[in-house]
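Structure, as structure tokens:
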Amino acid sequence: MTTAAQRDDERVSVATVAADRLRRAAETGVPCAPVRDVLGDRNVALAYRTQRMLTQRRLAEGGRIVGRKIGLTSPAVQQQLGVAQPDFGVLFGDMDASGAAPVSTATLLQPKIEAEVAFVLGSDLDSDHLDLDAVRSSVDYAVAALEIVDSRVAGWDIRITDTVADNASSALYVLGEDRVTLDRFEPREVVMTMTVDGSVASEGTGEACLGDPLEALLWLARTSRELGDPLRAGQLVLSGALGPMVAVRAGSSVRAEVSGIGSVSVTFAGEDEQ
């Protein structure tokens, strides 16, 4: 008869196989096969265990956690992956690509980009009674953001366990300069237009993000508290895409306008600048 300890050892072994595969892909720049062949298609808990394993490895190497990102906030994407809720990943300090310098694609495998509302928290979200009013009052300010997502899985051939294990397919983020408090705009009412090299490539609204980016923040706050790792003051939260993500390549220039909170832009280094 298999004991609880033996079952846990088996889960650790499986998570280690998946983590090693994703880590090797990131280090070599060669995308890997999906990890759902070892994690299964629906074992989200085991996928988060793999994510935590990779997070601990980054922390051991000197990484610094600065917040979280929320993914799968679009009902269409949820339906595609066969899930009924978002997922989340961890943001590290070295993921911040804000500033004027072009972003190199040399360390990215198959990048895409999406525009979001980002929140910076002014207080902890660790109460037992979290609601929309609580998360609203916890937000210090919001900024327009671009998230550069990436998948270590070849061809973006992902299901829910693949993306969760892969830190919610995270890579880099870029923040706009304008800091706007919630008394000046409603996140669900924002309208977003994103251009790539001057041409409109993605459009959307705040309602595309779980109906309201604050609802996404509430989901994350409750989930993080239940997992024993609540959101804290000073942390950054990328609340989820406002419109379809778009593939990017070396030399591209991307700009997003988000009504009420301003603009954010990034330029990717050309092939000869990598």
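At a glance:
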quantity: For D272: the one exception among (1) in a loop (DSSP other than H, G, I, E, B); (2) at pLDDT below 95; (3) not β-branched (V, I, T); calculated: (1)
quantity: Of all residues making up the stretch 22-48, the number that are among the charged types (D, E, K, R) and free of Cβ contacts under 8 Å to residues at least 60 places away in the same chain; calculated: 4
quantity: Search result, residues across the stretch 208-230 that are small (G, A, S) and under 13 Å from Q85 (Cα atoms); calculated: G211, A216
quantity: Unmet requirement for D150, which otherwise passes all of (1) free of Cβ contacts under 8 Å to residues at least 60 places away in the same chain; (2) surrounded by fewer than 17 Cβ atoms within 10 Å (Cβ to Cβ); (3) farther than 19 Å from R225 by Cβ; calculated: (2)
quantity: Failed item, numbered, when T107 is tested on (1) touching a helix residue (DSSP H, G or I) at 6+ places or on another chain (Cβ under 7 Å); (2) not aliphatic (A, V, I, L, M); (3) not in a strand (DSSP E or B); calculated: (1)
quantity: Hey, R249 within 27 Å of R136 (Cβ to Cβ) and touching a strand residue (DSSP E or B) at 6+ places or on another chain (Cβ under 9 Å) or not; calculated: no
quantity: Criterion: of a type outside the set (S, T, N, Q), farther than 25 Å from P213 by Cα, surrounded by 14 or more Cβ atoms within 10 Å (Cβ to Cβ) and under 19 Å from the mean Cα position of the chain (by Cα) - qualifying residue of G71, G63; calculated: G63
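Residues are listed down the side, and each one gets a yes or a no for (1) modelled with pLDDT of 95 or more; (2) buried (at least 24 other Cβ atoms within 10 Å of the Cβ):
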| position | (1), (2) |
| --- | --- |
| A208 | no, no |
| R222 | yes, no |
| G228 | no, no |
| A233 | yes, no |
| V237 | yes, yes |
| P244 | no, no |
| S253 | yes, no |
| G260 | yes, no |
| S265 | yes, no |
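The values are calculated or read from the model by the stated rules, or taken from the named source; none is laboratory data. None of the values given here were measured: they were computed from a predicted structure. Here the Cβ is made from the backbone with ideal geometry for all residues, glycine too, and neighbour counts use every protein chain on show.
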